[in-house]
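**Q** Okay, here's the structure, questions in a sec.
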Amino acid sequence: MRRILARLALASLMLTLCGCGTSPTPTIRVGVALYQQEDTFISTVAQSLQQRALEEEQARDVKINLSVADGRGSQTQQNEQVDRFLDQKYDVICVNIVDRTAAAVIIDKAQAAGVPVIFFNRQPVEEDLSRWDGAYYVGSPGAQAGELQGQIVLEAWQQDPAALDRSGDGVVQYVMLEGEAGHQDALLRTKYSVLALTEAGVPVEKLANDTADWQRGQAGIHMTQWLKEFGDQIEVVFANNDDMALGAIDACLAAELDPLPFVVGVDATPPALEAVEEGTLQGTVLNDAQGQAREMLDLACDLAEGTAPQVEGGHYVWLEYSAVTRKTLDAASAGAGNQSE
Ligand code: GAL
């Protein structure tokens, strides 16, 4: 009998030492559906999500299982991926929807499965998002990106109108490279960038505009064509994102245009920041991928843990944009230098 008791005591001591008796770390399973993984900015958001998941794991003492699916630009394919996440009982799904008018189907399925859904970057129409309390949107207000882009051009005009208005006719001639048709960022950035100039009383003339699907190659093709038509009459190139701005610069360099037109983008991707440093890109607007990833995972973990999150209008989390020019980069690096001294 004494031997049996001794063995039981030893077994319980071993259980305590190896921690096998304690409850396992809870796991939060998050399914992420991307509209197109190849998209430069979206791939940055995906990387930021992976990074942020590691930080949240530490902070909340949980395990986060992040599963990423690439919709490759097809809503049908994305719907299947979402169905799979719901069938496999993920705790939360994050959807970068391919077609922003198709959100109702996803919201209804998520509601039926009782799985909260966080849309990001591609904003569903408001009526759809308000169908269910468990539907959210994390993103940045497209109008603000347009305004900041316009202000970069406006500031250059105010400082030295002659440098911008090369023809000297008192009017800013511009071309507009747009993202996808119907995308909220494309529509709003296009409108508000120009409005920032006209509202300040700067006369403008649009020479051409076209959609280049956020892509550098397509933007290069449009710009090559426009350079043939308008040559150095093009004073400003507004691009709805940096990849397209870089495509326009590629075309100008290939055509040996000197000086280059005043080109502005949005996103602040690493190659765009290099171009700002080099002086080929005059400015961009920071689209806060890290902030969006942070807010999404915070929200996802709160929802999975059953905490009711307080967000704007019950559905929206907004991240601010900020302007980036050679001046702000220089000021930031001077600030960093001061801190390290
Ligand atoms: C925009 C971004 C673009 C592209 C697009 C995809 O916010 O500026 O570069 O990623 O989202 O939806």
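Residue by residue, here is whether (1) over 30 Å from Glu199 (Cβ atoms); (2) among the aliphatic types (A, V, I, L, M) holds:
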{"position": "Gly71", "(1), (2)": "yes, no"}
{"position": "Gln88", "(1), (2)": "yes, no"}
{"position": "Glu126", "(1), (2)": "no, no"}
{"position": "Asp133", "(1), (2)": "yes, no"}
{"position": "Ala143", "(1), (2)": "no, yes"}
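**Q** Oh, and also: Pairs under 7 Å by beta carbon, first residue over 20 Å from Glu229 (Cα atoms) in segment 161-179, partner assigned to a helix (DSSP H, G or I) and within 16 Å of the ligand (Cβ to nearest atom), six or more apart or different chains?
**A** The qualifying pairs are Gly179/Asp185; Gly179/Ala186.
**Q** Could I ask something else about it? Just give me the residues in segment 206-222 being under 13 Å from Val237 (Cα atoms), touching an Asp or Glu at 6+ places or on another chain (Cβ under 9 Å) and among the charged types (D, E, K, R), in sequence order.
**A** Within segment 206-222, Asp210 is the sole residue that qualifies.
**Q** Among the numbered conditions (1) in contact (Cβ under 8 Å) with a residue 24 or more places away in the chain; (2) away from the ligand (no atom under 16 Å from the Cβ), tell me where Tyr321 comes up short.
**A** Looking at each condition in turn, Tyr321 falls short on (2).
**Q** Still on this structure: For segment 41-78, enumerate the residues that are more than 21 Å from the chain's Cα centre (by Cα) and not acidic (Asp, Glu).
**A** Within segment 41-78, Gln58, Ala59, Arg60, Val62, Lys63, Ile64, Asn65, Thr76, Gln77 qualify.
**Q** Let me ask you something else. Quick one: what pairs do we get from segment 139-156, first residue among the β-branched types (Val, Ile, Thr) and modelled with pLDDT of 95 or more, second within 15 Å of the ligand (Cβ to nearest atom) and part of a strand (DSSP E or B), C-beta under 6 Å, 6+ apart or different chains?
**A** The qualifying pairs are Ile152/Val264; Ile152/Gly283; Ile152/Ala323.
**Q** Related question: For segment 56-73, which positions are charged (D, E, K, R), surrounded by 13 or more Cβ atoms within 10 Å (Cβ to Cβ) and farther than 13 Å from Ala300 by Cβ?
**A** Passing the criteria: Lys63, Asp70, Arg72.
**Q** Please verify whether Glu295 is assigned by TED's automatic domain parsing to the domain that holds Ala162 and part of a helix (DSSP H, G or I), treating the condition exactly as stated.
**A** Numbers: assigned by TED's automatic domain parsing to the domain that holds Ala162: no; part of a helix (DSSP H, G or I): yes.
No; evaluated as a whole, the condition is false for this residue.
The values are calculated or read from the model by the stated rules, or taken from the named source; none is laboratory data. Predicted, not measured: the structure shown is a model, and the values here were computed from it. Backbone-built Cβ (ideal geometry, glycine too); neighbour counts: all protein chains shown.
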